[in-house]
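The values are calculated or read from the model by the stated rules, or taken from the named source; none is laboratory data. Computed from a predicted model, the values in this text were never measured in an experiment. Note that each Cβ is placed from the backbone with ideal geometry, even for glycine, and that neighbours are counted across all protein chains shown.
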Amino acid sequence: MTQTPPSRAGDVARKYPDLWTAYNDLGKAVSGSGPLDARTRRLVKLALAIGARSEGATHSHARQALEEGESADALRQVALLAITTLGFPAAVAGLTWIEDVTEDG
């Protein structure tokens, strides 16, 4: 089994390891399905999490991006870019969730 996520998703992963493995395999397949590099994929996933208004996913993708060497400034820019597409409240929510996991947050 690959790395399990924290909290409730981790509980589901431990209870249904075959499902979790299939889910991870799907993630690997879609990551390799096109020309985007790892950094671009990570920032897109962060943007999608903000757009979906998913605090947990935003935390997760921001945390992973930081672990992979992304700057907090780049993550904040992703949230700010949401202003004109998703609206100011969604962008501020995303920014707040990113700042939850950055050192300066």
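If you take the residues in the range 10-65 that are part of a helix (DSSP H, G or I) and among the aromatic types (Phe, Trp, Tyr), which one is farthest from ALA90 (Cα to Cα)?
Across the range 10-65, the extreme among qualifying residues is TRP20.
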One residue from LEU43, LEU26, LEU19, LEU86 being farther than 22 Å from GLU103 by Cβ, hydrophobic (A, V, I, L, M, F, W, C) and in the same structural domain as GLU103 (by TED's automatic domain parsing): LEU86
Close pairs from the range 81-101: first among the aliphatic types (A, V, I, L, M), partner at pLDDT 95 or above and not in a helix (DSSP H, G or I), Cβ under 8 Å, at least 6 apart: ALA90/ARG53; ALA90/ALA82; ALA91/ALA82; ALA93/ARG53
